[in-house]
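Take a look at the structure set out below.
The values are calculated or read from the model by the stated rules, or taken from the named source; none is laboratory data. Keep in mind that this is a model prediction, so the values were computed, not measured. Here the Cβ positions follow ideal geometry from the backbone for every residue, glycine too, while neighbour counts run over all protein chains shown. These area figures cover heavy atoms from the full protein model, side chains too; ligands, DNA and RNA do not enter into them. Shrake-Rupley method; radii C 1.70, N 1.55, O 1.52, S 1.80 Å.
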Amino acid sequence: LARIRTPAGGGKAWELPSGAVSKAFEGVLLLRQPVRAYWPTSIDDTGGGEPPDCSSLDSVTGTGTPGGSCAACPMNAWGSAGDGRRGKACRQITRLFFLLPDSLLPVLYPAPPSAFQLAKAYVVRLAAQGVPYHQVITSVTLDAVQNQDGVAYSRPVLSSLGPIPAKEVPAIAEYRKGILPVLSGMSLDPSEAQ
């Protein structure tokens, strides 16, 4: 699938699969999938091409080494990233699969660990209103923020632009029914963690 990447260094514009550059992209969020991946060495050291030693497509049970319960795994503890970093050795990635206008196939936006709670809060907020997230048009923009060390990074902001047209609800439901098993079963690609 085509991918949308978070820009580096606090950038506030997306480079879309079409090659266009935009401050926002809009589409129907087909699936929010929290996943985990662990590499014993830095992604930079492997060139980003090695599969993870351990991964989880449900963020509950890891497969590989060390494997097992993600909640109990020492690689999921704050500070396990090593080298004095505060992060976790096991990367928490939120896969967001969008159906963009004028596209037949979804695009994948692997949101960074810093967006995990933001994406979760967005879908929970919609659910609290009785609105399935796949029945609204979602806009994704960027905020430039700084971490505790003063390093700038880009953080995605998800917001609803309103419901999809009622006549399209059955078509989206049928599309999701057919494609969700494929999307949720996709193995983790190392580029998703970069």
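Listed here are the residues, each with its yes/no results for (1) open to solvent by 50 Å² or more (accessible area, probe 1.4 Å); (2) of a type in the set (Lys, Arg).
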residue: PRO112; (1), (2): no, no
residue: TYR133; (1), (2): no, no
residue: ASP143; (1), (2): yes, no
residue: GLN146; (1), (2): yes, no
residue: ARG176; (1), (2): no, yes
residue: ILE179; (1), (2): no, no
residue: GLU192; (1), (2): no, no
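Output yes when any residue across region 9-32 is assigned to a loop (DSSP other than H, G, I, E, B) and touching a Pro at 6+ places or on another chain (Cβ under 6 Å), and no when none is. Checking region 9-32: not a single residue is assigned to a loop (DSSP other than H, G, I, E, B) and touching a Pro at 6+ places or on another chain (Cβ under 6 Å). Taken together, SER56, SER22 contain a single residue that is modelled with pLDDT of 90 or more, under 18 Å from the mean Cα position of the chain (by Cα), open to solvent by less than 80 Å² (accessible area, probe 1.4 Å) and farther than 16 Å from LEU99 by Cα, which is SER56. Give me the residue from region 70-99 that is among the basic types (Lys, Arg) and in a loop (DSSP other than H, G, I, E, B) and, out of that set, nearest to ARG36 (Cα to Cα). My answer is LYS88.
Of the residues making up region 148-173, those that are loosely packed, with under 12 Cβ neighbours inside 10 Å, in contact (Cβ under 8 Å) with a residue 12 or more places away in the chain and in a loop (DSSP other than H, G, I, E, B) number 1. Output yes when any residue across region 106-127 is more than 25 Å from ARG36 (Cβ to Cβ) and among the small types (Gly, Ala, Ser), and no when none is. Looking for residues that are more than 25 Å from ARG36 (Cβ to Cβ) and among the small types (Gly, Ala, Ser), one finds none in region 106-127, hence no.
So that you can scan it fast, the table gives a plain yes or no per residue for (1) at pLDDT 90 or above; (2) of a type in the set (Lys, Arg); (3) open to solvent by 30 Å² or more (accessible area, probe 1.4 Å); (4) under 30 Å from SER139 (Cβ atoms):
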| residue | (1), (2), (3), (4) |
| --- | --- |
| GLN33 | yes, no, no, yes |
| GLY47 | no, no, yes, no |
| THR63 | yes, no, yes, no |
| ALA71 | yes, no, yes, no |
| ARG86 | no, yes, yes, no |
| LEU105 | yes, no, yes, yes |
| GLN117 | yes, no, yes, yes |
| ALA121 | yes, no, yes, yes |
